[in-house]
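Participant: Dumping the structure here so I can ask a few things about it.
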């Protein structure tokens, strides 16, 4: 079946511009996660959505970052006024449940963001 | 706060040789433990996971890992490495009972020589 998809695969933007990154989770997965992978910081958790619950935003690095999940499916990560330190690969993952032994996160291929 | 340490940044092994990648975690209780692999230009793929029970877990591609509570370790092993195993390997933990967000180690890059 179809895995997690992300678009675009690559994005180059100028410093100060806003960008939107999209994630399509596996159909039926109720939990969705965003992570960031950068040379300096490794793999970092950003935000987590589980069903209709309020998202866990504890990993968002600044108020320039926000995310939403519409209809419990597609998610968009928005970065406003991009800075060069935002350059990274942004990974999305989804899972069937947020807790329990069925938990396993499936990752998408990522969006490589370059801020010039 | 929980943390994960992968002390080896880069490891080189010969094809056919055995492999052990180290992972140590810091957490107040036994967390959920995972190993992921990332091939160049690819997303992360789960190799195996430990939640509870038998401390030796089997995964895909012939990998296994052993949870040692006394050492706070979850080392990944493979008896005979194949050239296609060259990739970056990440150990990760999640809090028990929530399993909502993963904390990753810095990764170990595996190079396989023929």
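Participant: Within 10 Å of each Cβ of B:82-94, how many other protein chain Cβ atoms are there on average?
Facilitator: Average per residue, whole number: 1.
Participant: Quick check: residue separation of residue B:2 and residue B:111 times 0.36 nm, minus the Cα distance between them. What number comes out in nm?
Facilitator: Result for the pair: 36.4 nm of gain on full extension.
Participant: Follow-up question, since we're still on this one. Using the Cα atoms as the points, what is the convex hull volume per residue of the protein assembly as shown in Å³?
Facilitator: 126
Participant: Additional query: Subtract the Cα-Cα distance of residue B:84 and residue B:71 from 0.36 nm times their separation in residues, and report this length gain in nm to one decimal. Intermediate values should be presented prior to the final figure.
Facilitator: Numbers: separation 13, 0.36 × 13 = 4.68 nm, distance 3.03 nm.
Extra length from residue B:84 to residue B:71 when fully extended: 1.6 nm.
Participant: Further question: Quick check: Cα centre of segment B:29-103 to Cα centre of segment A:12-77, how many Å?
Facilitator: 24
Participant: Tell me, Kirkwood radius of segment B:1-88 from alpha-carbon pair distances, in Å?
Facilitator: 13.7
Participant: Here's another thing I want to ask about it. How many partner chain Cβ atoms sit within 10 Å of a residue's Cβ in peptide A:38-45, on average, as a whole number?
Facilitator: Mean partner shielding for this stretch: 4.
Participant: Follow-up question, since we're still on this one. Sort the following peptides by mean Cβ neighbour count (other Cβ atoms within 10 Å, averaged over residues), highest first: A:25-38, B:67-80, A:51-64. Show your work: numbers first, answer last.
Facilitator: On the way: A:25-38: 20.1, B:67-80: 15.4, A:51-64: 12.6.
Highest to lowest by the protection proxy: A:25-38, B:67-80, A:51-64.
Participant: Mind putting together the pair-distance distribution for segment B:40-109? All Cα pairs, 5 Å bins, whole percent per bin, short to long.
Facilitator: 3, 13, 24, 28, 19, 9, 3, 0
Participant: What's the long-distance tail for chain A, i.e. % of Cα pairs beyond 24 Å?
Facilitator: In whole percent, the long-distance tail amounts to 20.
Participant: Based on the Cβ-Cβ distance from residue B:96 to residue A:58, what FRET efficiency comes out when R0 is 25 Å, to the nearest 0.05? Walk me through the numbers before you get to the answer.
Facilitator: On the way: r = 18 Å, r/R0 = 0.71.
Efficiency, rounded to the nearest 0.05: 0.90.
Read-outs: derived from the displayed coordinates by stated rules, not from any lab. Given the structure is predicted, the values throughout are model-derived calculations rather than measurements. Please note: Cβ atoms are built from the backbone with ideal geometry, for glycine as well, and neighbour counts cover all protein chains shown.
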